[in-house]
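Before any comments, here is the structure.
The values are calculated or read from the model by the stated rules, or taken from the named source; none is laboratory data. It should be emphasised that the depicted structure is a prediction, and the values quoted were computed from it without experimental measurement. Methodologically, a virtual Cβ is constructed for each residue, glycine included, from the backbone with ideal geometry; neighbour enumeration extends over all protein chains shown.
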Amino acid sequence: MNIIVAPDSFKGSLTAAEAADAIIQGVRDVLPDAEIVSIPLADGGEGTVDALVLATRGRIVTKKVTGPMGDETEASFGVLGDDVTGVIEMAAAAGLPLVPPEKRNPLLATTYGVGELMLAALDEGCTRLIVGLGGSATSDGGAGMAQALGVKLLAADGTELKRGAAPLMSLESVDIAKRDPRIANITIYAASDVTNPLCGPQGAAAVYGPQKGASQQMVPMLDNALAKLAAVIEQDLSLSVRDTAGAGAAGGLGAGLVSFCNAQIRSGPNLVLEMLDFEGYLESADIVLTGEGRIDDQLEFGKAISGVALLAGKYGVPVVALTGSLLVEPEKLAERGVEGVVPISTGPVDETELMERAGELLQAATERTMRLLIAGRRLGDGRWPAA
């Protein structure tokens, strides 16, 4: 029996690799001789570097960079096994967890450290970069990232703007002449699991600003700042990014990467699956076991499980998902190609206990799932082995 084990992380409890290990142990408890391929996943956000470095036998590089509020911080990125692909999670340098709640202010936060990580990856010899968007403390439209790369953001009097979103209200022109010349000769993918535009009611400020510390009064200020950035980009670079799908990801970093680095915005889950050659394992697979900590209506926006089910469907391989929290009707999952979903708890349990025991509960849920699947196959063609 050939089984692909491909979970995302159970956030706050298990990394994707730890979740995969728990599922594999649950399978082994029932089918010790099963052929198992372990492919821990990520959606372009947290865990992307670890998933891709592990799968490709790459390496982790750690550098000191500028944090979101201007303080120095240590941040890591990955160089994949091919030695030419760098993987950066923007949150490593500009993530919300790097800023204490009482200091969060997206008007001041900067993505400068993200640009510094990109330069560090270039110094390592990378000619392709994947920048995972998500978990940001910033709403500067990637302005800080651009400044780190050598782009000049200028006020009317020709002075360079300070870092952060607030100064963008004074932006009158951009000059990319001094941008690091290596940027023009590499491929950059912005990996996102959201499709929000840069501005407007579904934009970066309105949808994500409050969770970064933006008050009700700050949100329109942030939106206006990002609109000003978009207008100047269109004026000086002849690019229209205001309404581009995914431009609003990570506080508008998606727009900044497209504008200043000629990046392509890609679905994070799909890009990760592509990098892991997930489809290549499906031809010989009997079933895919996937999962994540919380399954909700975000599946509609291309989460990892949805991407797994879409590819597996092409090969007629059934997909079963295990989860700590199921907040969507199973029928909707079936419509997305997930044929079965199994909550890991078997009775009432509070969230704290669920998270603390996630590993053992996931293993036990996998064991139950395998026994049910075997029973089902015995009623069918009997191709699967007995426990």
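Screening M221 against (1) closer than 21 Å to R163 by Cβ; (2) touching a Gly at 6+ places or on another chain (Cβ under 9 Å) leaves a single unmet condition, (2).
Taking each residue of segment 356-369 that is surrounded by fewer than 22 Cβ atoms within 10 Å (Cβ to Cβ) and looking for partners that are aromatic (F, W, Y) and at pLDDT 95 or above with beta-carbon atoms closer than 7 Å, six or more apart or interchain, yields nothing. Considering the conditions (1) at pLDDT 90 or above; (2) farther than 18 Å from L289 by Cα; (3) of a type outside the set (A, V, I, L, M), G380 is excluded by exactly one of them, (1). Within segment 344-355, the residues that satisfy the criterion of being within 25 Å of the chain's Cα centre (by Cα) and either surrounded by 15 or more Cβ atoms within 10 Å (Cβ to Cβ) or at pLDDT 95 or above (or both) are I344, L354, M355.
Answer with yes or no whether I374 is surrounded by fewer than 22 Cβ atoms within 10 Å (Cβ to Cβ), in contact (Cβ under 8 Å) with a residue 60 or more places away in the chain and more than 18 Å from S267 (Cβ to Cβ). Show your work before the answer.
Values: surrounded by fewer than 22 Cβ atoms within 10 Å (Cβ to Cβ): yes; in contact (Cβ under 8 Å) with a residue 60 or more places away in the chain: yes; more than 18 Å from S267 (Cβ to Cβ): yes.
The answer is yes for I374.
Would you confirm, using the coordinates I've provided, whether L31 is outside the structural domain of A321 (by TED's automatic domain parsing) and not aromatic (F, W, Y)?
Details: outside the structural domain of A321 (by TED's automatic domain parsing): no; not aromatic (F, W, Y): yes.
So L31 fails the test.
Suppose the filter is over 19 Å from S136 (Cα atoms) and either buried (at least 23 other Cβ atoms within 10 Å of the Cβ) or assigned by TED's automatic domain parsing to the domain that holds M90 (or both); does L253 pass it? No: the conditions fail for L253.
Does at least one position in segment 185-193 carry a residue that is in a strand (DSSP E or B), in contact with a Cys (Cβ under 8 Å, 6 or more places away or on another chain) and buried (at least 17 other Cβ atoms within 10 Å of the Cβ)? Break it down into steps so the answer makes sense when it comes.
Step one: list which residues in segment 185-193 are in a strand (DSSP E or B), which gives 187-192.
Next, from what is left, pick out any that are in contact with a Cys (Cβ under 8 Å, 6 or more places away or on another chain): 188.
Right, trim to buried (at least 17 other Cβ atoms within 10 Å of the Cβ) and you get 188.
So far as segment 185-193 goes, yes, one or more of its residues are in a strand (DSSP E or B), in contact with a Cys (Cβ under 8 Å, 6 or more places away or on another chain) and buried (at least 17 other Cβ atoms within 10 Å of the Cβ).
Of the numbered criteria (1) in contact with a strand residue (DSSP E or B) (Cβ under 7 Å, 6 or more places away or on another chain); (2) of a type in the set (D, E, K, R); (3) crowded, with 19+ Cβ neighbours inside 10 Å, the one K303 fails is (1). Quick one: is Q202 modelled with pLDDT of 95 or more, of a type in the set (S, T, N, Q) and assigned to a helix (DSSP H, G or I)? No, not satisfied. Once segment 8-35 is narrowed to residues that are modelled with pLDDT under 95 and within 18 Å of E351 (Cβ to Cβ), the residue that is surrounded by the fewest Cβ atoms within 10 Å (Cβ to Cβ) is G12.
From the list R242, R266, which residue is among the basic types (K, R) and either closer than 30 Å to P40 by Cβ or modelled with pLDDT under 95 (or both)? Among R242, R266, only R266 is among the basic types (K, R) and either closer than 30 Å to P40 by Cβ or modelled with pLDDT under 95 (or both).
Just to be sure, is G203 of a type outside the set (S, T, N, Q) and on the phi > 0 side of the Ramachandran plot? Don't jump to the end; show me each part of the working.
Working: of a type outside the set (S, T, N, Q): yes; on the phi > 0 side of the Ramachandran plot: no.
Criteria not met by G203.
Among the candidates T73, T56, T66, the residue that is over 15 Å from the mean Cα position of the chain (by Cα) and closer than 21 Å to D180 by Cβ is uniquely T66.
Of the helices (runs of 4 or more DSSP H) entirely within segment 251-345, those holding at least 1 residues that are in contact (Cβ under 8 Å) with a residue 40 or more places away in the chain and of a type in the set (G, A, S) occupy 268-275, 304-314.
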